[in-house]
1. Output the number of the condition that B:LEU39 fails; it satisfies all remaining conditions of (1) under 14 Å from the mean Cα position of the chain (by Cα); (2) closer than 20 Å to A:LEU13 by Cβ; (3) more than 7 Å from chain A (Cβ to nearest Cβ); (4) not polar (S, T, N, Q).
2. Do you know which residues across the stretch A:1-22 are surrounded by fewer than 19 Cβ atoms within 10 Å (Cβ to Cβ) and within 7 Å of another protein chain (Cβ to nearest Cβ)?
3. It is to be established whether one or more residues within the stretch B:56-64 are in contact (Cβ under 8 Å) with a residue 24 or more places away in the chain and among the hydroxyl-bearing types (Ser, Thr, Tyr).
4. State whether the residues of the stretch B:92-99 include one that is aromatic (Phe, Trp, Tyr) and part of a helix (DSSP H, G or I).
5. Just to be sure before I move on: is B:ILE85 over 12 Å from the mean Cα position of the chain (by Cα), surrounded by 15 or more Cβ atoms within 10 Å (Cβ to Cβ), in contact (Cβ under 8 Å) with a residue 60 or more places away in the chain and at the interface with chain A (Cβ under 8 Å from one of its Cβ atoms) in the structure I sent?
6. Collect the residues in the stretch A:40-93 that are of a type outside the set (Asp, Glu), loosely packed, with under 15 Cβ neighbours inside 10 Å, modelled with pLDDT under 90 and part of a helix (DSSP H, G or I), keeping them in residue-number order.
7. Within the bounds of the stretch A:23-31, is there any residue that is more than 30 Å from A:SER81 (Cα to Cα), more than 8 Å from every other protein chain (Cβ to nearest Cβ) and either aliphatic (A, V, I, L, M) or touching a Ser or Thr at 6+ places or on another chain (Cβ under 8 Å) (or both)?
8. I'm trying to understand the selection: among the residues of the stretch B:1-17, which are within 24 Å of A:LEU34 (Cβ to Cβ) and either small (Gly, Ala, Ser) or more than 10 Å from chain A (Cβ to nearest Cβ) (or both)?
Amino acid sequence: MNELYLFLALFILLNLLAGVLRVLLGPTLQDRMLTAQLFGTTGVAILLILSEATGVSALRDVALVFALLGVVSVVAFVRGSSAPQEQEERRKP
Amino acid sequence: MSVLDWLTAVLLVAGAFFFLAGTVGLLRFPDVYNRLHALTKADNLGLGLTILGLMLQADSWSVVVKLLLIWLLVLLAGASSAQLIAGSARRTGIRPWERR
């Protein structure tokens, strides 16, 4: 059972690495933003499987923090990528 | 291995398969809106199946509730992130892919 957990965690990690290819290839900026969300979902899965495999229950809390960090980083990317002129227009009443 | 262990193994393998499907979609789909579909739907489904399998192995009810809350939070996070990224793509003027 433990071997299955570790093998699946490795498999999902390889999927994550393949997804990072999108950061290198992605023609537009938003393709690169996708990776933050990918890390959020995939990272949570890997951490939860590892938490079950090793018995370290603190990894579940780490998975929770990963999910939150994922949203925060996407918000930061989206806000940071809009042109300063757009932000000016948003600030006007 | 008991019935519970077999069930967990089946659910975990199914979840990993959906992660693979999401990654293939991420790499192969033609534009950013399609890639958002693959990422949000397939990966979250894979995560849901994985968490379901892990819930069966939990030692106590508090672990089950914690796993359920993590799943709900990731669902919310994924939906909000997809909305934000798609909005940013729309504002930048990226047009959806059409079959030529």
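1. (3)
2. Once the filter is applied, which keeps residues that are surrounded by fewer than 19 Cβ atoms within 10 Å (Cβ to Cβ) and within 7 Å of another protein chain (Cβ to nearest Cβ), the stretch A:1-22 yields A:MET1, A:LEU4, A:PHE11, A:ALA18, A:LEU21.
3. No: zero hits.
4. Applying the first criterion (aromatic (Phe, Trp, Tyr)) to the stretch B:92-99 yields B:97.
This time we only want the ones that are part of a helix (DSSP H, G or I), so: none.
No; the residues of the stretch B:92-99 include none that is aromatic (Phe, Trp, Tyr) and part of a helix (DSSP H, G or I).
5. Against the criterion (over 12 Å from the mean Cα position of the chain (by Cα), surrounded by 15 or more Cβ atoms within 10 Å (Cβ to Cβ), in contact (Cβ under 8 Å) with a residue 60 or more places away in the chain and at the interface with chain A (Cβ under 8 Å from one of its Cβ atoms)), B:ILE85 does not qualify.
6. Those that are of a type outside the set (Asp, Glu), loosely packed, with under 15 Cβ neighbours inside 10 Å, modelled with pLDDT under 90 and part of a helix (DSSP H, G or I): A:ARG79, A:GLY80, A:PRO84, A:GLN85, A:GLN87, A:ARG90, A:ARG91.
7. No, because not a single residue in the stretch A:23-31 is more than 30 Å from A:SER81 (Cα to Cα), more than 8 Å from every other protein chain (Cβ to nearest Cβ) and either aliphatic (A, V, I, L, M) or touching a Ser or Thr at 6+ places or on another chain (Cβ under 8 Å) (or both).
8. B:ALA14, B:GLY15, B:ALA16
The values are calculated or read from the model by the stated rules, or taken from the named source; none is laboratory data. Values in this document were obtained by computation on a predicted structure and should not be read as measured data. Cβ sites come from the backbone with ideal geometry, for glycine too, and all protein chains shown count toward neighbours.
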